[in-house]
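The values are calculated or read from the model by the stated rules, or taken from the named source; none is laboratory data. Keep in mind the model is a prediction, meaning the values are calculated, not measured. Every residue, glycine as well, gets a Cβ built from its backbone with ideal geometry; the counts of neighbours run over all protein chains shown.
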């Protein structure tokens with residue numbers, strides 16, 4: 001059996017079946033791409049909020065910014081956890097930071113720390 005379409009084109013039922021299968025596949029792809037696009041849009045703000053410290057890229061030109069006690073403690077916890085920030089990672093402290101109640105133990109830090117403010121009210125233990 002042949003079917004005549006507009007424009008005098010004749011197609012077989014098998015061709016119509018292939019066309020319908022193709023259209024269903026394209027609808028499924030469209031639905032999946034819409035879901036994927038929505039997921040990316042939903043996750044993108046989380047990625048941008050997860051900026052380390054107070055900003056920056058960790059380079060000499062654009063160092064990581066340390067301007068609060070929380071930023072400093074995030075840095076120090078990473079160092080105590082074994083991240084020495086080797087490879088030229090740079091940090092810039094932009095304000096005075098009161099570390100009242102903080103005790104620091106020596107750990108290996110290979111980054112560059114520019115102190116444009118002072119750290120105060122903390123203890124260092126384990127120094128010989």
ask   = Just one of 35, 40, 11, 79 is surrounded by 13 or more Cβ atoms within 10 Å (Cβ to Cβ) and at pLDDT below 75; which is it?
value = 11
request  = Could you tell me whether residue 67 is out of contact with any helix residue (DSSP H, G or I) (no Cβ under 6 Å at 6 or more places or on another chain), exposed (fewer than 10 other Cβ atoms within 10 Å of the Cβ) and at pLDDT 80 or above?
outcome  = no
ask   = Just one of 78, 107 is more than 25 Å from the chain's Cα centre (by Cα) and without any contact (Cβ under 8 Å) to a residue 40 or more places away in the chain; which is it?
value = 107
query = Going by the conditions given, is residue 85 within 21 Å of the chain's Cα centre (by Cα), under 25 Å from residue 125 (Cβ atoms) and part of a helix (DSSP H, G or I)?
reply = no
inquiry  = From the list 91, 53, exactly one residue is surrounded by 11 or more Cβ atoms within 10 Å (Cβ to Cβ), part of a strand (DSSP E or B) and touching a residue at least 24 places away in the same chain (Cβ under 8 Å). Which is it?
reply    = 91
